[in-house]
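Everything below concerns the one structure shown next.
The values are calculated or read from the model by the stated rules, or taken from the named source; none is laboratory data. Worth saying up front: this structure is predicted, and the values here are computed from it rather than measured. Cβ atoms come from the backbone with ideal geometry, glycine included; neighbour counts cover every protein chain shown. We work out accessible area using only protein heavy atoms, side chains counted, and drop any ligands, DNA or RNA first. Shrake-Rupley method; radii C 1.70, N 1.55, O 1.52, S 1.80 Å.
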Amino acid sequence: RRLARARGAKYFVDGSVLDRNDSVSVVLRLVDSEGDSVIAQATAVGASDHAALVALHAVNELLPRILDPGRKVNLEMLSGVRPGSTAAWLQGEREFRRSHFTTALNYYRRALAEDSGMTLAAVKGAEAAWWANQEAEAHRLADIAVLGESRLPAKYAHMALGLQAFLNGSADLAVHHFDLAVGQDSIWADGWMALGDAYYH
């Protein structure tokens, strides 16, 4: 706490690792350095021979509380992703919601550079590039997203396939996948915008 305050840090993280023969528990606490109060706590449990992955999961659970407080994040999508990649993706999401598509795209690129398995950043990066009128980059990222579609939740997999089809000029196929995406989540604004844009063009 003393070190965090001396460096002007808003938060610090402490915690513990409990090794129980074949399993390990990682407990992390995000602490406000001024008030010395616990803001959030994350606990992850897994096999002891995968302790590093268990720790990554716990870190990823804390990051949204720091970078995007008040927003719910599906942590299953971030399972096994490096924290640096998660942090960049979260910042990209925040900028995307503000319609700062070029800034969001830079964060999504950074997320992919940190962890090439962060397929979600490729999908969102393709969307951001599309809205920023960077068609070549949208193509590149959509292709990356489609290659990793098996790692994506269904709505994002259909978004990736729809974007790739749209950018390749296959309007009917694009509409088909965007329809399936909004079928998975009927209040997903990104899906409806993509579907509307496909019809518009």
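Once you list every other residue whose beta carbon is under 9 Å from the beta carbon of L141, what net charge do they have if Lys and Arg are +1 and Asp and Glu are -1?
Local net charge: 0.
Could you list the trypsin sites (Lys or Arg not before Pro) in region 71-123 that lie in coil according to DSSP, counting only those with at most 14 other Cβ atoms within 10 Å of their Cβ?
Counting only loop positions with at most 14 other Cβ atoms within 10 Å, the trypsin sites (Lys or Arg not before Pro) in region 71-123 are R71, K72, R98.
Would you compute the Debye intensity of the chain from its alpha-carbon atoms alone, equal scatterers and no solvent, and pass along log10 I(q)/I(0) at q = 0.11, 0.12 Å⁻¹ to two decimals?
Results for the chain at q = 0.11, 0.12 Å⁻¹ read -0.58, -0.66.
Place a +1 charge on the Cβ of each Lys and Arg in the chain and a -1 charge on the Cβ of each Asp and Glu, then give the dipole magnitude about the Cα centre in debye, rounded to the nearest 20.
That gives the chain a dipole magnitude of about 820 debye.
Nearest 500 deg cm²/dmol is fine: what mean residue ellipticity at 222 nm does the chain get from its DSSP H runs of n ≥ 4 alone, each adding -39,500 (n - 2.57), divided by its residue count?
Value at 222 nm, helices only, nearest 500: -18500 deg cm²/dmol.
Express the carbon and sulfur contribution to the solvent-accessible surface of the chain as a percent, rounded to the nearest whole number, probe 1.4 angstrom.
50
Dipole of region 1-117, Cα-centred, from +1 at each Lys and Arg C-beta and -1 at each Asp and Glu C-beta, to the nearest 20 debye?
540
Give the long-range amide H neighbours of I39: residues separated by 5 or more places, or on another chain, with amide H under 5 Å away, using H modelled in the peptide plane at 1.01 Å from N.
L30, V31, D32
Could you give each residue of region 23-34 its phi-based ³J(HN,Hα) in whole Hz, using Karplus coefficients 6.51, -1.76, 1.60 with θ = phi - 60°, and x for Gly or Pro?
After applying 6.51 cos²θ - 1.76 cosθ + 1.60, I find 10, 9, 10, 10, 10, 10, 10, 9, 10, 6, 6, 7 Hz.
Can you give the accessible area per residue of the chain, in Å², using a 1.4 Å probe?
53
Projecting each Cα onto the charge dipole of region 127-185 (Lys/Arg +1, Asp/Glu -1 at the beta carbon, about the Cα centre), which of Q134, H176, A154 comes out farthest on the positive side?
So the residue furthest toward the plus end is A154.
Using a simple charge model, +1 on the beta-carbon of Lys and Arg, -1 on the beta-carbon of Asp and Glu, nothing else, what dipole does region 96-201 show about its Cα centre, in debye to the nearest 20?
320
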